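Worksheet for the structure shown next.
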Amino acid sequence: MNENFSILPFLKSKIFKIIVIILSIVLVLTLVGPLVVLAIASQPAVTEHAYSDVFFTSYEEVRANLNNRVLDLKSKNIEVHQSEYAVNAKEGLYIDNIYLPSTNEQTNLIVITTGVHGIEGYIGSVMLDVFFEEIYPDIDTVNTGILIVANVNPYGMKNMRRYNENNVDLNRNFIEDWDNFDLSSNTEYPKVDKFLQPEGKMGNAFWHEVGFYLSLAKEAIFTGADTISDALLTGQYEYPEGVYYGGNGDEVSTAYLKGVFADCLDGEYENIIHIDIHSGYGPRYNMVIFNSVQDPTTEAEAIAEIGYEYIIACDSEEFYITYGDTTDYFYRLAKSKGSDKGLYSTCFEFGTIGDGFFDSILSLKFTVDENRQHWYPSNDKITAEMVRQNYLELFYPTETEWRLKAISDFKAATLGVLNAKLK
Ligand SMILES: [Zn+2]
């Protein structure tokens, strides 16, 4: 009884009231906060498909659509060779090839690759349809062949991940010679690895958000914002559970595509034009042509030649060097073979989130969260859904305006490239 008497004045005190108010606020944020966070993360529902209803949401749909494309081409008496390459037959994971030989002379070969970064293969699939519907009919097939290598990372497509079955970023895995490649080339990543690949399951979505921004602020102050961005751009080869992990040898998909590039260089076509389709980098509502470091053409020269406004070339301010990307490898292979063929290998990047300061933070957050969710799946359904929606927004936005612009940019850029590069 004595205890009660001693507690009573405390219950009436200001401090107790303040504690009650704080706890109430925490409770409301814990309960309502996640719903607000999820509402912000959620993509708009697709009210209207931007292009012939082909914005697919499953790997199987993408494959079936490609199959229909082959049937359609064959029904028009066009010679088509279709094949699939098993990355993992048991799991139903295949790379899909379509080859349309030129009908007479073997002058130009147009090569389009999609899905090197798994989830980015969905926008790639749409662009293949745009290509066949709107660009292919005007190509002079007498001297020009077409080779499509679709779904290069089928695991990533099926599981809506950028990385493959071994958590490898395939566009950092196209290393020419692993024996002479320095796996510890990224000296910045080890300084921020704990921030970029935190361990343990994410909990309440609201408090996860708060925690992320606090730890970002801490890293920015004590380690430096530049270190974080430098750690990410070039890829890393020492943290197999980390983000942008480039592996330590050729992945199955990589070895296969390297072989395709070699076949192109050893084949009959004199002039090769390769477009690798990606999304996630660059300004929103703008597709950027991102040239290889191996292409000495300046930005001004490239814009004049191709007639497309957004080109990042080796002398551009935004240019950054990565290791092990497909276009870089294609040029290096041509050089090592002493090939005298014409070769233009470039990357089409569809910007999604944007490229401002805060956009970069969001891209970073979505990337880190998704990787953590992969290794430590959260028991909190709202948190898991928030991560999924954010990742989709990063690589495959549903907004109609975005999709329409993506299609018109793809057409303009592809026509520009073909006009400039076809012989
Ligand atoms: Zn990509």
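Looking only at residues that are assigned to a helix (DSSP H, G or I) and of a type in the set (D, E, K, R) in region 187-201, which one is surrounded by the fewest Cβ atoms within 10 Å (Cβ to Cβ)?
Per the stated criteria, the residue is Lys194.
Just to confirm my filter: which strands (runs of 3 or more DSSP E) fall fully inside region 79-168 and include at least 1 residues that are closer than 17 Å to Glu60 by Cβ and outside the structural domain of Arg63 (by TED's automatic domain parsing)?
Because the criterion is at least 1 residues that are closer than 17 Å to Glu60 by Cβ and outside the structural domain of Arg63 (by TED's automatic domain parsing), no strands (runs of 3 or more DSSP E) in region 79-168 meet it.
Given the structure, is Gly235 more than 14 Å from the ligand (Cβ to nearest atom) and at positive phi?
Against the criterion (more than 14 Å from the ligand (Cβ to nearest atom) and at positive phi), Gly235 does not qualify.
Examine region 410-421 for a residue that is aromatic (Phe, Trp, Tyr), surrounded by 22 or more Cβ atoms within 10 Å (Cβ to Cβ) and in contact with a Leu (Cβ under 7 Å, 6 or more places away or on another chain), and state whether such a residue exists.
No, the conditions are met nowhere in region 410-421.
List pairs: first in region 195-216 and more than 22 Å from Leu31 (Cβ to Cβ), second among the aromatic types (Phe, Trp, Tyr) and outside any loop (DSSP other than H, G, I, E, B), Cβ under 7 Å, 6+ apart or cross-chain?
Note: pairs meeting the criteria are Ser215/Phe195.
Kindly list, by first and then second residue, each pair from a residue in region 13-39 that is more than 30 Å from Leu362 (Cα to Cα) and in contact (Cβ under 8 Å) with a residue 40 or more places away in the chain to a residue that is of a type in the set (A, V, I, L, M) and part of a helix (DSSP H, G or I), limited to pairs with Cβ atoms under 6 Å and residues at least 6 apart or on different chains.
Close Cβ pairs (under 6 Å, with a partner that is of a type in the set (A, V, I, L, M) and part of a helix (DSSP H, G or I)) do not exist here.
Please verify whether Phe195 is at pLDDT below 95 and either assigned by TED's automatic domain parsing to the domain that holds Gly259 or touching a Leu at 6+ places or on another chain (Cβ under 7 Å) (or both), treating the condition exactly as stated.
Here the answer is no, as Phe195 does not meet what is asked.
Give me the residue from region 63-78 that is among the aliphatic types (A, V, I, L, M), in contact with a Leu (Cβ under 9 Å, 6 or more places away or on another chain) and not in a loop (DSSP other than H, G, I, E, B) and, out of that set, modelled with the highest pLDDT.
The qualifying residue modelled with the highest pLDDT is Leu73.
Yes or no: Ser184 within 20 Å of Tyr320 (Cβ to Cβ), more than 16 Å from the ligand (Cβ to nearest atom) and surrounded by fewer than 21 Cβ atoms within 10 Å (Cβ to Cβ)?
Yes.
Mind telling me which of the residues Tyr155, Tyr85 ends up being under 24 Å from Gly246 (Cβ atoms), of a type in the set (Ser, Thr, Tyr) and within 16 Å of the ligand (Cβ to nearest atom)?
On the way: Tyr85 fails: within 16 Å of the ligand (Cβ to nearest atom).
Residue meeting the stated conditions: Tyr155.
Please state which of the following conditions Asp226 fails to meet, knowing it meets all the rest: (1) farther than 25 Å from Asp295 by Cβ; (2) at pLDDT 95 or above.
Status for Asp226: all satisfied but (2).
Please determine whether any residue of region 283-298 is within 15 Å of the ligand (Cβ to nearest atom) and either surrounded by fewer than 16 Cβ atoms within 10 Å (Cβ to Cβ) or in a loop (DSSP other than H, G, I, E, B) (or both).
Checked against the condition, which is being within 15 Å of the ligand (Cβ to nearest atom) and either surrounded by fewer than 16 Cβ atoms within 10 Å (Cβ to Cβ) or in a loop (DSSP other than H, G, I, E, B) (or both), region 283-298 yields at least one hit.
I'd like the residue in region 88-125 that is within 15 Å of the ligand (Cβ to nearest atom) and touching a Phe, Trp or Tyr at 6+ places or on another chain (Cβ under 7 Å) and, out of all such residues, is farthest from Asn159 (Cα to Cα).
Ile112
Look through Ser339, Ser316 and report the one residue that is surrounded by fewer than 22 Cβ atoms within 10 Å (Cβ to Cβ), in the same structural domain as Glu270 (by TED's automatic domain parsing) and either within 16 Å of the ligand (Cβ to nearest atom) or free of Cβ contacts under 8 Å to residues at least 24 places away in the same chain (or both).
Ser316
Quick test for you: out of Tyr245, Tyr237, pick the one residue that is in contact (Cβ under 8 Å) with a residue 24 or more places away in the chain, farther than 21 Å from Cys347 by Cα, crowded, with 19+ Cβ neighbours inside 10 Å and not aliphatic (A, V, I, L, M). Walk me through how you get there before you give the answer.
Numbers: Tyr245 fails: farther than 21 Å from Cys347 by Cα.
One residue alone meets the criteria, Tyr237.
Of the residues that sit in region 342-375 and are within 16 Å of the ligand (Cβ to nearest atom) and touching a strand residue (DSSP E or B) at 6+ places or on another chain (Cβ under 8 Å), which one is farthest from Tyr281 (Cα to Cα)?
My answer is Ser345.
The values are calculated or read from the model by the stated rules, or taken from the named source; none is laboratory data. These numbers come from a predicted model, not from an experiment. All Cβ positions, glycine included, derive from the backbone under ideal geometry; neighbour counts span all protein chains shown.
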